[in-house]
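The values are calculated or read from the model by the stated rules, or taken from the named source; none is laboratory data. Remember, it's a predicted structure, so these values are computed and weren't measured experimentally. Positions of Cβ are backbone-derived with ideal geometry, glycine not excepted, and every protein chain shown enters the neighbour counts. These accessible areas exclude ligands, DNA and RNA; they are computed on the full protein's heavy atoms, side chains included. Shrake-Rupley method; radii C 1.70, N 1.55, O 1.52, S 1.80 Å.
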Amino acid sequence: MAGIIDVPKPRVNCSMLQQHINKAVCFVARVSKVHPSGKSFTALDGEGKTVTVELNEPLEEELSGVVEVIGMVSNKGVLMAATYNLLREDRGTSFDLDLYNEALKVIQDFPQYYPFEAAVSG
């Protein structure tokens, strides 16, 4: 069976998490606060809503700015990260979370043009 990284995942914001319980998702948000243990952090999405992200291992680097998280949504709405990718903003161009959130709405409104389900071949 393919791992969470290898399969198509819908891009979601906090409002969409409850629709994806026990499913893999891709989530982009701005890091708000890192727990002192380094095993979790909170992040704000493009709507200004907060999600908790739990990590398998404590962070080994400073985490700030915009981050893309791939993980599973728990039944409590917590994002269980399989991996994360820090989106660097050090080149003078900041990531526009508001615009990203608008793109998510378009994707949700027109799913026939943005399919995220993998075709199963047998």
Exercise. Go through region 1-76 and name the GluC sites (Glu not before Pro) that are in a DSSP coil and have 16 or fewer other Cβ atoms within 10 Å of their Cβ.
Key: E47, E60, E61, E62
Practice problem: For every other residue with a beta carbon closer than 14 angstrom to the beta carbon of S40, add +1 if it is Lys or Arg and -1 if Asp or Glu, then tell me the sum. | Solution: +1
Self-check item: Fraction of alpha-carbon pairs over 16 Å apart in the chain - percent
Solution: 62
Quiz item: How far is helix 97-109 tilted, in degrees, relative to the longest principal axis of the Cα atoms in the chain, given as a value from 0 to 90 rounded to the nearest 10?
Solution: 20
Practice problem: Work out the charge dipole of region 9-122 with +1 on the Cβ of Lys and Arg and -1 on the Cβ of Asp and Glu about the Cα centre, then indicate which of L97, C14, G38 is farthest towards its positive end. | Solution: C14
Quiz item: Which value, in debye to the nearest 20, gives the size of the charge dipole of region 1-76 about its Cα centre, when Lys and Arg are +1 and Asp and Glu are -1 at the Cβ?
Solution: 360
Quiz item: How many Å² of accessible area per residue for the chain, probe 1.4 Å?
Solution: 63
Quiz item: About its Cα centre, how strong a charge dipole does region 19-119 have in debye, to the nearest 20, once Lys and Arg get +1 and Asp and Glu get -1 at the Cβ?
Solution: 280
